[in-house]
Structure formats: C-alpha cells, structure tokens
1. How far apart, in nanometres, would the label points at residue 339 and residue 623 be if each is projected 7 angstrom from Cα along the Cα-to-Cβ direction?
2. Over segment 5-162, what is the mean sequence separation of C-alpha contacts under 8 Å (at least six apart), divided by residue count, expressed as relative contact order in percent?
3. So what is the relative contact order for segment 432-572, in percent, with contacts set as C-alpha pairs under 8 Å and at least six apart?
4. If each residue of separation counts as 0.36 nm, what is the full-extension length gain between residue 328 and residue 241 once their alpha-carbon separation is subtracted?
5. For residue 451 and residue 210, what is the calculated FRET efficiency with R₀ set at 51 Å and r taken between the beta-carbons, to the nearest 0.05?
6. Going by a ≥ b ≥ c, the root eigenvalues of the Cα gyration tensor, does segment 67-145 fall in the rounded group (a/c under 1.5), the prolate group (a/b larger than b/c) or the oblate group?
7. Please arrange 415, 157 by counting, for each residue, the other beta carbons lying within 10 Å of its beta carbon, fewest first.
8. To the nearest 10 degrees, how steeply does helix 346-356 sit against the main Cα axis of the chain, on a 0 to 90 scale?
C-alpha cells in the first residue's frame, strides 16, 4: 500500500507517519529542499524504518507541490492514500502567508493527487473552518460557517472549499479540535492553543500559595484533543470503506469551558485555582460599537498590549474567550464504533502536558537567566557596599563580569571590599559618600558620570534601621528625620541624578532594597518602615513614567538578614534570619528578572491578609507587639545592651512568621 503525506515533519504529521508505518506499504513524504536533515532527525528520534519512508523534494507554494514531471511519473498509480496536512497552524501568522500555505497549498496538493491518480485524498482541515458559528456545527455543514474575518479561520475554510469543489478523486475531510501533546508522553513541538495560558498559570504559582482562591474567567467551550487520538482516528477512518465524501469532527464530545480548562492545568501545575469565575459572555450586553471604541482607546490598547506581551498571549486569541461553537461528531463516533479509539479526559493527562511544557517549551528556558548575561561589562553601582548585603551583592556581580562601583561612608571597609574584588580578577571602584548629605550625593553622581559616563544598574542598599516603639519615641523625632534622610532622600537623590543618562540611553535598572516590614507593617519599626514605604511609593509612581523607556524599578522587600544593622538587638541571634549571601541572591534575582517586586511568600501573605481582614491582622500584630518588648538599648539603657534571652514563645512566633522584623 502506498502513501503520500504532506506536512510529515510537522507535529501531527510525524505521528501520522508513525501510525501509518504500523501498516504495510511505503510512505512518501513531501520535504522542502534544505529540510532533509530535519526529516532525518525526526526519523531517527521516532524510530522510523527509512527504507519505507521516502523523502520527496517539493514546495507547497508551487504547482503540483513543485514535483517534476519525472517525479510525478515515478509515483503515478502508486499512491492509494494522499494525506494533506501541510499548512500554517498559527493564529498570529500574517494573512498573505496563510493564504499561500493553506489555500494555494491545498489547491496544489489536490492537483498533484489528480496527477498521481491517488485512490483517496485525505484533507486535514480544522474546526476553525466553521469560523465563529453560534451554535452546534454538524459534520455535514460547511457553507453555514460564520465569523470568518480572521485570516486563519478564513483560509482554513477556503482550503476545505478547494477540496469540496475541485477534488476529482474520492476525498475525506478531518476537522480536529485544538490539538495538544501526546496523552501518554505530553510531547508537543510548539506553544499554541491552550498552551498560551501556561505562562499565566506559572506566574500565579510563583506569586500565590496553591490553596489561595483566585478570580478567573468562565469563557466559552474550548475543544481540546491529544495528538495520539487525532492520528489514531484519522488512520482508522482513512482505511475504512464506504466513507468517501464525508467530513469527520475529531473533537471532544463534551468540551470544557475555558475556566474549567484553566483549573485542570492549575491543578496539574500545583497553582491556585480560579474558584470564582466571571462569565465572559457578560460583555455581550455591551454594544459592539462601544466595546470597540473602548478597546481602541490608546491607554486601553497600551495596557492590554503590555499585559498580553508579559503573558506571551497573542492578541488574536482574545476572540476565543467567548468561542460560541459546539461540534457534533456523530459521523466520527459511528466510524470509530467498536474500536478503543476515544478522547481521554483532559484531567487524566493534563499533568503530562504541563510537565513536558515546563521541561522543554517554557519560554523562560530560552532566556539568558545567568547573572553574567545581564551585567557583564555593565556598570553596577551598589550603595552600602562595604558590608552585609551590599558587600555580598558586589562580590556576586563582580564575579559575573560587571564593572562594580561600591559606595559607603567608611573608607577602610570599603577599600577592603574593593581590594578583595580586584584580587579575584574583577573590576571595582570605591567611592566614599555620606548619603545623608545631599551635597555629597550630588558630588558622587557627578564623579561617577564623569569617570564612567553612565550607570546601568543602581542598587540602593544603604539604609538605617531603628527598632523603637512610638511611645518610646515621643522625644526622639530625630529618629524619623535621620531615617528618612538616608533611606528615602539619599536614595532619591541618586535616582534623580542617574535617571537622565538612563533615559537618554533608553536603558537602566533601579533596585531599591526595601523591607518585609513594609508588607507586614511590623510594630516598633514605624520610622524604618515609613522611610522604606516612601521609597516603594516613589518607585511605583516612577515606574509608570519610565517603563516605556526601558527603565525598570524593582523593590526588594528583604526579610530579616543577619547584618551589623540588626546586631544591637540580641534577640535576633535566636530567630531565623537570612545570611548576607542569601540576601544577595534576591538582589541577583532582581537584576536577572527585572520584576516590579521581589518578596518572600511570607511577605506577600502578610500583605494579602492585611488587605483582606485588616482587623484580624491588627490583632496578630498587637500580639507580636506585646510579645516582643522594647530592647534595653531602645529604652536608652546603654548599660544593658545584653538583652535577656528570648522566650520559647517568642522563638516559636518568629519562626512561624519567618523573616519578619519583631
């Protein structure tokens, strides 16, 4: 038995060839010139018998698929089944390329089938051929299709029309649903269809605990089928007698809504589920003219575009949120009756799809996630670089090839850190500066710009922390002034100094080391938290102004770190803290990923709890306030710097809310 297959190197095509090789006969596959190595690689990986898989060089865009007269004569009368799968399956592809591949390619395939005197022409169409038909689309329906303005829908419909109107040999048409990976292995070769939702799910998993309920969209029904079902059904139907001229919907007879599909994959990814879902059809009550006017407003288009780019979702897929079409598949069910070929429940294999995507296709896998890739030969300025978090961060970025500038007041420790970096082969410059003095800040900015021209990454790490209750601060207003002077005004002065050059170069990153206390509203840290919160608020406002200029602002809500800053509070010796090196890893994460915020799950949980049940959170914080008294030093007792050891209750509470300042 002889076969001819177009699109054999595509995802569905390679599995169909694998299925056909279980039968007797030779499989001729159309291959573009220059793609022979790709076919060889697929054949080797799939374990094909190359004596039975014959490459035929051709071109989808040319008459008779580019086969020469000699090739046609050699194959004439030897092809019993002609499978046409080659097409563009991409909603985001341009209209002209889709027309050439999908419509003209099908026309050329039909002409070749005539020339080869093929026994049957098997055309792989798509449920997209129905357009956006409102209701149930039967297998015997075609001209009834509606909503074909999208190039993908239109070309799939027109390609099927070519077969119906011009094919002179017997034909059969297959309309698969949204084809996903293999239900047994999860294998797929590209991101498409429901896979566009995976980045959103991954971000939810990273930001929220699995048990947290979230809000989602219900949407229309999305018809998902695994590739192994599609090729098994096509192979069986193609070889069954008496079905010429029929169309077969290779679909899930009981498709799920988009919200349900999202939750299936959320469970597979161990991400929080969308327990409350809004029905996207509610938008239908808004007149289309008004919807269009609102969506075309420049601010709305900009926001939507940025959101979709961040989630890696093509804008063309939005129209599918309210997908209105259901597909009757009784013809297919009759043809498959008595076999074991059926669509497996998505819940049974969703975890395999997610696992394969996460291991092989996640776009983040192909992004340079190395620190060296972000900082090599770039200027990174770190304040407070002589000790603690700043020193550990400077050592890491210098090792990655950055041109490091460290800033601090103490010259001896600063030069010691610089010399350590230079001895290790890194590049480092040390500048002394009093960041509480605006004139000193201005002098630093001027000197750095004169000697280095610009700063690529500014890390505002230098800071001052004061642990003292409000009641103990009535006569210490200067605590608030000096904390604000360093933690806010000093940082702000540097930001304002380096931003003009960043703006001119359309490149820059400002990282502000904040505190988990801003998220947790830690008692006894009103001066410190207020100063860091001011910097957080500035960053959020500035980010809105500079995001279009490729300048990122990142706030790192740092948990408790064992540094000289917390040394006076001896209680911290007995509760969980990060080492400076672990804290520096969060700074590295900020540099690599350029997020708006880097925070621990405890910090996010505390902020969320405070937002949802503020009164209950107030009780928790007051309990902590009463449990952790002012230190002797905070009370002004300089002779009693050795605080008493913490109680078991204090240690247990601090361990429960790991990283929060008490």
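1. Result: 6.2 nm between the two label points.
2. Numbers: 243 pairs, mean separation 33.4, N = 158.
For segment 5-162, the relative contact order is 21 percent.
3. Details: 190 pairs, mean separation 40.2, N = 141.
Over segment 432-572, the number comes to 28 percent.
4. Values: separation 87, 0.36 × 87 = 31.32 nm, distance 2.18 nm.
So the chain would gain 29.1 nm between residue 328 and residue 241.
5. Working: r = 50 Å, r/R0 = 0.98.
Efficiency, from the Cβ-Cβ distance: 0.55.
6. On the way: a/c = 3.42, a/b = 1.72, b/c = 1.99.
Oblate, because a/c is 1.5 or more while a/b does not exceed b/c.
7. Numbers: 415 16, 157 21.
Placing the least packed residue first, the sequence is 415, 157.
8. Helix 346-356 and the main axis of the chain meet at about 60 degrees.
None of the figures in this text is laboratory data; all of them are computed from the coordinates on show. Just so it is clear, the model here is predicted, and its values are computed rather than measured. Counting neighbours? That spans all protein chains shown, and the Cβs are built from the backbone with ideal geometry, glycine included.
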